[in-house]
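See below for the structure under consideration.
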Amino acid sequence: MRARAVFRSRLAAATVAVLVTAGAAACAGGSSSGTPIAATPAALHGAIPDTHAPKPSFQLLDTSGRGFDFTADTKGRATLLYFGYTHCPDECPTAMADVATALRHTDPAVAKQIDVVFVTTDPWRDNQRVLRRWLDRFSPTFIGLTGTPSQIAGAEVAMGMPISKREAAPKRYGSGKYAVSHFAAVIAYGRDGRVATLYPSGITPAEIAADLPVLVKG
């Protein structure tokens, strides 16, 4: 519990309260434009926490049905982690498109040293086939993880972020539809396995691309 509390406080130091609010609004069909981004040193972009927590341990299934241990299976590699869902109308596809664009504009020797991990917050709809097909729109190299609702919640608790929840979607999406409010920022880990920065809405692919060599070195 102490480790979770420590990581939660570190995320808060990186203005996560603002990012969560903006991300939840965006995934419910609102707009996250104008989200503040913390002032950061020139070395990295985004919202840099005061202290750099290590990757937490959680286990889910990848899109081929194999078990995936987040800490063990990304050890020694720079990692971009995002929690979202395939029916998200705006925030999630934008984040994945930005990351994919950044990787395409990065030296291939650097790009191949980076893992992109997408954890669904909608396990009711995002089975392995649905998740793989959606991620392939951005890159076949992106790793998709799913599990039971309790397993997803456990991963969010391990991360120290709020547990995602289903909410009624705006009427324009049709009756019976739901949205999922969730933490909405890309969490960037350096090769050392520690949080380097967070990319909220408003970050550009060029800014992410500029950071990738630094993450690989770190």
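The values are calculated or read from the model by the stated rules, or taken from the named source; none is laboratory data. Please read these numbers as outputs of a predicted model, since none were measured by experiment. Every residue, glycine as well, gets a Cβ built from its backbone with ideal geometry; the counts of neighbours run over all protein chains shown.
Which of the residues spanning region 141-159 are small (G, A, S) and buried (at least 21 other Cβ atoms within 10 Å of the Cβ)?
Within region 141-159, G144, A155 meet the criteria.
Any idea which residue in region 81-108 is modelled with the lowest pLDDT, counting only those that are closer than 13 Å to V119 by Cβ and touching a Leu at 6+ places or on another chain (Cβ under 8 Å)?
If we take residues in region 81-108 being closer than 13 Å to V119 by Cβ and touching a Leu at 6+ places or on another chain (Cβ under 8 Å), then T86 is modelled with the lowest pLDDT.
Report, ordered by the first and then the second residue, all pairs with beta carbons closer than 6 Å, sequence separation of six or more or different chains, a first member in region 88-104 that is under 13 Å from H182 (Cβ atoms), and a second member that is modelled with pLDDT of 95 or more and hydroxyl-bearing (S, T, Y).
Going by the 6 Å Cβ cut-off, the qualifying pairs are A95/Y82.
Taking helices (runs of 4 or more DSSP H) that do not extend beyond region 64-177, which have at least 1 residues that are within 16 Å of the chain's Cα centre (by Cα)?
Ranges flagged: 70-73, 91-104, 128-135, 149-159.
How about region 105-140: which of its residues are buried (at least 19 other Cβ atoms within 10 Å of the Cβ), free of Cβ contacts under 8 Å to residues at least 60 places away in the same chain and among the hydroxyl-bearing types (S, T, Y)?
Correct list: T120 only.
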